[in-house]
Amino acid sequence: MEYYIIVTLLLTIVYITFIYKTFSKSKVINPPGPRPWPIIGNMLLLDDKPHRVVAKLSRIYGPIMSLKLGSLTTIVISSPEIAKEMFVKHDLDFSSRIVQDAVRALNHEKVSLVWLPVSPKWREIRKILALQLFTTHRLNESQDIRHKKVKELVDYVQQCCEAGQAVDIGKAGFTTVLNLLSNTFFSMDFASHSSSGLQEFKELVRHFMEEIGRPNVSDFFPLIRWLDLQGVLKRSRRNYTKSLDIFQKIIDERLRDPNAPKDDVLATLLKLIKDNNLSLDEVKHLLVPSYKAKKVNELVEYVQQRCEGSLPVDIGKAGNTTSLNLLSNTFFSIDLASHTDSNSQEFRDLTRNIVEDAARPNVSDLFPIVRRLDIQGVLKRHTIYFGKLMRIFEKFIDERLKNPMDVKDDVLGTLLKLVENNELSLDEVKHMLVDLFIAGTDTTSITLEWAMTELLRNPTKMEKAKSELDEVLGKKGSMQESYISNLPYIQAILKETLRLHPPAPLLIPHKAVKDVQLGDYLVQKNSTLWVSVWWISHDPSIWPNPECFLPERFLEKEIDAKKQDFEFIPFGAGRRMCPGILLAYRMLHLMLATLIHSFNWKKGHGELLEDLDMEEKFGMTLQKAHPLEAIPFIR
């Protein structure tokens, strides 16, 4: 009798479960979206500003929308509530990546923190970044270098003042950040504000971002990926080769140098290689995308020089130089650029090329079946770009290895220690450098350029910022990182800039590893997910007067990108959140506050404020289409 009761109960449970699942599935439907065309899907809807197209479509189809791009299903998330559910409740389910053809050059995706799936290798590299490179202790230790690089930025602007020249803010910021990174990693500068080498590196980074951001047929149609119809893979291979060559040179020099620094990031990574935790190839790839006051002072000096000559300042260029040197000093203890040579411009163009190529539509991504053809030449270009970057970093590594006794407290020294301890390989070190430098230089200098543009368009906001700085620093004082917490309006300016001009308007695409119910809809396995950060930060139901530059809105309510407020996630969220957010936070505040406090500014070439160009250029990062050139005056 008991047997029959048990069997009956079990059958009842099975039946109820079956009915429940069947009923539940019938209620879960695919997200809505525009009707796709055969084969090409919704590709024709996208133009050169897909973040704005996606925003318009989201207003029609809602916070979860489905697009068919070639053979790929793309789910667009455009509300903070759904973004929170994605990154908190289903973070692991959506933590994988759709690997675009542009990053397949030199097998970068196999060792890159950005593109690896969540795995033991990914966790290992992420742990190295968290514990070895971006801790509060290490960032505090490297403050002097950042101050030095900002001082060099000031010197450059001072030269522009004396010559009456305009300052390219983006380029100057790029140079500063590049040298900050190179000094942190390699204990050396990569460029100067007037060098030609900067231009090459800048172009390499730009190429990376452009290629990754462009729609690629190979990504949308994997079956024709081998054709490489747009040439994305070909260009990417070229870019990656250049990048890896740069880092290989740095690593080789480090390994040959008995007197090389022992406490920078490269030393740490080389130690991990020795400890078998990372390979040399992984280090090189990691370095491609990541002390401040020194470089900001250099920026101020440069602007002062321009002031004395009544010369306009290219805000973007000056900011790029400063950003580049901030990063290069953090990583290598050297500058990679100067405000008066072309090195920073070359580096900036290199990174921009990478970013822009990545943003363009690529036939190989849309039609994977023709990927091998590289029809648009994306892979070919990226191979060249990466090759240039690799050669840059290989030079620094070679020099450091030649002088092992040259002990320096930078990232390169730390990485080489890890290589020595078999925790990393030299190849892993170079690829790590590629990731960090591409991400660290371009996004920081772009944000600085947008912030200065908005302040020039809003003189009352500029004066309010100056008043706050005068009160906290004194009229003759210099900016220190310890002052950041006492500068709420400067913080609000940068937050508002990141809201209006998020560096990655659609974030880096995620991939569903299994079927997941998100909100009321089913997201199928292998779907691509775009998070429309741009629309979330421009949604009038969340942000009143969303097109207006109003830093005051961040004084009225506590919203912080570091605290994962999902209406404001310019650096992403979840386990894939940008690991260098704390370093970027310090660099941006230091550079922006220094430029505002040290100089008065006006638009160059007699242009009216209302005519100030605000056109965007979409890539993996949202750039100004035309550089900001502003004329500095000594206060």
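The values are calculated or read from the model by the stated rules, or taken from the named source; none is laboratory data. Computed from a prediction, not measured in an experiment: that's the story for all the values here. When we count neighbours, we look across all protein chains shown, and the Cβ atoms used for this are built from the backbone with ideal geometry, even at glycine.
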Which ones in the stretch 542-565 are closer than 22 Å to Ile75 by Cα and either crowded, with 22+ Cβ neighbours inside 10 Å or over 23 Å from the mean Cα position of the chain (by Cα) (or both)? Ile542
Of the residues in the stretch 77-128 that are out of contact with any Asp or Glu (no Cβ under 6 Å at 6 or more places or on another chain) and hydroxyl-bearing (Ser, Thr, Tyr), the one that is surrounded by the fewest Cβ atoms within 10 Å (Cβ to Cβ) is Ser119
If we keep just the residues of the stretch 490-515 that are surrounded by 22 or more Cβ atoms within 10 Å (Cβ to Cβ) and over 21 Å from the mean Cα position of the chain (by Cα), which is nearest to Ser96 (Cα to Cα)? Ala512
Taking Thr135 as meeting all but one of (1) hydroxyl-bearing (Ser, Thr, Tyr); (2) within 21 Å of the chain's Cα centre (by Cα); (3) surrounded by 22 or more Cβ atoms within 10 Å (Cβ to Cβ), write down the number of the exception. (3)
I'd like to check something: does the stretch 163-176 contain any residue that is more than 27 Å from Leu389 (Cβ to Cβ), crowded, with 24+ Cβ neighbours inside 10 Å and aliphatic (A, V, I, L, M)? yes
Condition first: charged (D, E, K, R) and within 21 Å of Leu507 (Cα to Cα). Now tell me which residues in the stretch 105-157 satisfy that. Glu109, Lys110, Arg123, Arg126
Within the stretch 345-361, the count of residues that are at pLDDT 75 or above and not in a helix (DSSP H, G or I) comes to 0
Looking only at the stretch 206-259, count every residue that is buried (at least 24 other Cβ atoms within 10 Å of the Cβ), among the β-branched types (Val, Ile, Thr) and modelled with pLDDT of 75 or more and tell me the total. 4
